[in-house]
Amino acid sequence: MVLRLLRGEDLVEVSREVRVSPPELEEWRRVFLETGQQGLRRRGRDPGERELTRTQAKLGELTMRLELASELLEKRGYGDELRKLLKRGRE
């Protein structure tokens with residue numbers, strides 16, 4: 001979603017589509033840009049550290065996507081089914 005905003009898509013349209021408030025999307029965009037700048041400053045680190053940072057960023061992205069998908073399923077009335085699947089996955 002942040003990349004869509006950075007590519008010029010309208011904040012309100014993206015917000016409506018993904019059902020996330022415009023201020024929250026703005027915060028995500030701000031954090032994304034700040035984190036990117038910090039990453040550029042640290043380019044001189046060793047390859048293992050860079051790989052760890054990339055992995056952590058990917059994990060954060062996937063976690064965010066999972067949370068958004070869960071929220072959308074809840075809003076669309078599939079919360080009970082989602083909880084059953086998650087419970088079954090833990091067993």
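The values are calculated or read from the model by the stated rules, or taken from the named source; none is laboratory data. Source: prediction; values computed, not measured. We place every Cβ from the backbone using ideal geometry, glycine too, and count neighbours over all the protein chains shown.
How many residues does region 7-23 hold that are in contact (Cβ under 8 Å) with a residue 24 or more places away in the chain and aliphatic (A, V, I, L, M)? Of the residues in that region, 2 qualify. Among the residues of region 71-91, write down those that are modelled with pLDDT of 90 or more and among the small types (Gly, Ala, Ser). Gly77, the sole residue that qualifies.
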